[in-house]
Amino acid sequence: MPVVRTIAGDLSPDDLGVTLIHEHLVVDVRLPADRPAEYADDLETIVAPMVEHLRAVRAQSVRTLVECTPTIVGQHLPAYRAVAERTGLQIVRAVGTYRDDWLPEWIKASSVEELANWFGAGIAEGAGFIKLGCDPDGPTPAAPRRAAAAGLASRRTGALVACHVGHAAPANRTLDAFVGGGGDPARFVVVHLQNEPDAAAHLTLARRGAWVEYDAIGNRPADAVYIGWLRALADADLLDRALISQDASAYIILGDGRVERQHRLDYLLGRFVPALRAAGFGRPEIDRLLIANPARALALAA
């Protein structure tokens with residue numbers, strides 16, 4: 001039976017409900033040399049200010065939040081568990097890497113097999129998917145090795161692999177490496193595709209079988225642009241390859257060390273879904289984007 005792995009245990013995909021497929025609760029994007037071993041703020045200081053907002057998000061009918069912070073970019077498991085306990089949200093976390101400048105030396109030195117084993121161990125230990133990072137003008141020479149390792153780990157575990165990339169050309173090259181490692185394109189997400197201006201390239205990636213993800217909704221570009229891309233996918237009978245979210249960070253330490261709290265996780269349900277309805281998207285299409293597609297994407301073979 002397929003399952004979705006959350007921080008509180010495995011669920012049936014049918015229990016996921018409305019899902020925010022790409023968000024961040026706690027993340028630190030400073031480079032490793034600039035990041036202390038531990039957060040300066042304690043757990044309560046980090047979590048308490050976000051709880052009321054996240055409870056409001058849960059009240060909108062959101063049941064699941066996918067926390068997309070890679071393992072090596074300030075992942076904070078106690079905070080994720082506290083949020084789940086205090087809000088009732090089901091939290092799915094990642095195991096994974098980021099772009100080259102953020103990699104520790106042991107990852108840079110690891111073989112494809114070693115990295116695949118590490119990804120696989122993360123899934124076994126409670127992560128619900130694998131996260132990769134790729135430079136937007138890449139992939140760099142080292143990135144395909146990580147993609148191949150993720151492909152191998154995905155084949156072994158059934159895990160979804162979400163790749164921070166944003167542009168079609170490097171996404172296609174990274175997808176090639178992922179497939180070369182044994183991965184199925186249907187288990188690969190092109191993250192931040194709203195950064196790719198060529199709308200035809202979105203359709204090409206979806207036709208390859210990859211998930212195309214638009215995940216800065218409520219930030220940029222305008223809602224009408226996202227709606228146009230989603231309509232093009234629907235007209236091409238490719239809406240079942242689309243994922244949507246906001247990429248908001250409830251607590252983020254920026255590169256210069258400043259803390260920012262982005263309490264805009266209610267935009268998707270509060271503003272964007274009504275805009276979709278006004279543009280002619282029906283309940284079945286909206287449910288596909290918010291419920292059915294995330295459940296299929298995150299499902300693991302038990």
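Since every read-out is calculated from the coordinates, none of them should be taken as a lab result. Given the structure is predicted, the values throughout are model-derived calculations rather than measurements. Cβ sites come from the backbone with ideal geometry, for glycine too, and all protein chains shown count toward neighbours.
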Legend entry - His263-Asp101 pseudo-label distance in nm [points 7 Å out on the Cα-to-Cβ vector]: 3.2
Inset, instruction - Kindly put Ile72, Ile91 in sequence by how many other C-beta atoms sit within 10 Å of each C-beta, fewest to most. - result: Ile72, Ile91
Inset, instruction - Once you have the Cα-Cα distance between Arg81 and Asp42, take 0.36 nm times their residue separation minus that, and quote the gain in nm to one decimal. - result: 12.6 nm
Inset, instruction - Could you tell me the distance between the Cα centroids of the stretch 212-278 and the stretch 56-130, to the nearest Å? - result: 20
Inset, instruction - Of the DSSP beta bridges with both residues in the stretch 2-301, give the percent that are antiparallel, rounding to the nearest 5. - result: 20
Inset, instruction - Work out Dmax and Rg for the chain from the C-alpha atoms and quote the Rg first, both in angstrom. - result: 17.8, 52
Inset, instruction - Set the Förster distance to 22 Å, then compute FRET efficiency between Thr204 and Ala224 from the Cβ-Cβ distance, nearest 0.05. - result: 0.45
Legend entry - Highest to lowest packing among 194-205, 136-147, 151-162, scored as the average C-beta count within 10 Å: 151-162, 136-147, 194-205
Legend entry - Sites Ala124 and Ala278, calculated FRET efficiency, Cβ-Cβ separation with R0 35 Å, nearest 0.05: 0.20
Inset, instruction - For the chain, set up a Gaussian network in which alpha carbons nearer than 10 Å are linked by springs, and say which option among Ile291, Ile21, Ile46 fluctuates the most. - result: Ile46
Inset, instruction - Would you mind getting me the FRET efficiency between Asp256 and Asp135? Use the beta-carbon distance for r and R0 = 22 Å, nearest 0.05. - result: 0.60
Inset, instruction - State, as an integer percentage, the relative contact order of the chain based on alpha-carbon contacts under 8 Å between residues 6 or more apart. - result: 22
Legend entry - Estimated 222 nm signal from helices in the chain, with DSSP H stretches of n ≥ 4 weighted -39500 (n - 2.57), rounded to 500: -11000 deg cm²/dmol
Legend entry - Net dipole in debye of the stretch 2-301 [+1 Lys, Arg Cβ; -1 Asp, Glu Cβ; about Cα centre; nearest 20]: 560
Legend entry - Inter-probe distance in nm under a simple model that places probes 7 Å from Cα toward Cβ, at Arg30 and Lys108: 2.0
Inset, instruction - Looking at the stretch 1-142, send over the antiparallel percent of its DSSP beta bridges, to the nearest 5. - result: 25
